[in-house]
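The values are calculated or read from the model by the stated rules, or taken from the named source; none is laboratory data. A quick note: this is a predicted structure, and the numbers were derived from the prediction, not measured. All Cβ positions, even for glycine, are placed from backbone atoms using ideal geometry, and neighbour counts span all protein chains on display. Ligands, DNA and RNA are stripped out before the accessible areas are found, and what is left, the full protein with its side chains, is counted by its heavy atoms. Shrake-Rupley method; radii C 1.70, N 1.55, O 1.52, S 1.80 Å.
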Amino acid sequence: MPGMSAAQDRPTYGPQLEGFQYPFKTERFSFSSQGQKLDMAFMDIAAENPNGRTVVLLHGKNFCGATWEGTIARLTSAGYRVIAPDQVGFCMSSKLAAYQFSFHQLAENTKALLEQRGIERATILGHSMGGMLATRFALMYPERTEQLVLVNPIGLEDWKAKGVPYQSIDAAYETEKKTSFDSIKQYQQTFYYSGEWKPDYDRWVEMSAGMYRGEGGERVAWNQALTSDMLFTQPVVHEFGSLKVPTLLMIGLTDKTAPGGNRAPKEIAATLGDYTQLGKQAAQAIPGAALVEFEDLGHAPQIQDPDRFHAALLDGLKRL
């Protein structure tokens, strides 16, 4: 079959991404949480000429700390120290049989990492699911959040309240077990990159798909199912008005990401993931928020058009 050899050539990784090379040195933060010994993988990259500021990069559900490679390079060359963790349950960090996943817990884990690294205040930048986490972090720890940057965050709408049916963790697990390179690529091509695809994107698809293909694939799928529940049941959108930190929204307008939209009735699904409006609504709801829109970019503008995105990001960081 034509596609068979290509599929066999795809890399296979361990449940904590063993075998995948990160772009910068990775370290491990070991700690106890919910009665378990856990570790968070992270990169801590020094600036070439430090400006005294730190940016914490929070990855999305279908991404990892490694996906920030280009952003890390641009930020460190501009003087920023960068911390890029993999959250528990994702990528190089611990995969668990049982854990009460919540944005509150992941925010607390991230705060503990920053304390261990001696960082009192930082700009918290979150992409996709990382935007929900960054928002929760800023709500919980405003004194530690110098600036909040949200890059095509999900959670700008409450899918549950809009009528998307709940999916049990067991049902999510069955779906996750079917994940493959082709299914991830098809999803990302449809929702993430304005319907286009560049060969460079394959690396990030292989990163995710390789964990599912490996011997620990079922544990990876289980953790993905556990965290999908968190996205659906723990909205942050209703608390945007309580944010008390300078906030920058960076939104690619061709994004159509709407977790659970495939479960919703067609008339509801058609209203979801409209980033041409969601960014504007969030900017109105968040006190004093600044909004940067990219008319022709999708869910991952930092990957799709790195030069344009990073120029806008560095400009936004200077506004503080």
Can you name every residue in region 18-39 that is open to solvent by 70 Å² or more (accessible area, probe 1.4 Å) and in a strand (DSSP E or B)?
Arg28, Ser30, Ser32, Lys37
Out of Asp305, Asp315, report the one residue that is surrounded by 13 or more Cβ atoms within 10 Å (Cβ to Cβ), within 30 Å of Ser77 (Cβ to Cβ) and among the acidic types (Asp, Glu).
Asp305
Take the residues of region 210-256 that are among the small types (Gly, Ala, Ser) and open to solvent by 40 Å² or more (accessible area, probe 1.4 Å): which is nearest to Tyr275 (Cα to Cα)?
Gly241
Scope region 155-183; condition over 21 Å from Trp222 (Cβ atoms) and in a loop (DSSP other than H, G, I, E, B); matching residues
Gly155, Leu156, Glu157, Asp158, Trp159, Lys160, Ala161, Lys162, Gly163, Val164, Pro165
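One line per residue, one yes/no per condition, for (1) closer than 16 Å to His59 by Cβ; (2) at pLDDT 95 or above:
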| position | (1), (2) |
| --- | --- |
| Met129 | yes, yes |
| Asp200 | no, no |
| Ser208 | yes, yes |
| Glu218 | no, yes |
Report yes if some residue within region 113-123 is among the polar types (S, T, N, Q) and out of contact with any Leu (no Cβ under 7 Å at 6 or more places or on another chain); otherwise report no.
yes
Out of all the residues in region 114-127, which are part of a helix (DSSP H, G or I) and either at pLDDT below 95 or buried (at least 20 other Cβ atoms within 10 Å of the Cβ) (or both)?
Leu114
Say whether the condition of being surrounded by fewer than 20 Cβ atoms within 10 Å (Cβ to Cβ) and farther than 29 Å from Glu239 by Cβ is met by at least one residue in region 88-101.
yes
Just to be sure I understand the filter: pairs with C-beta atoms under 6 Å, separated by 6 or more residues or on different chains, first member in region 180-192 and closer than 16 Å to Lys61 by Cα, second member basic (Lys, Arg) and assigned to a loop (DSSP other than H, G, I, E, B). Which pairs pass?
Phe181/Arg10; Phe191/Lys256
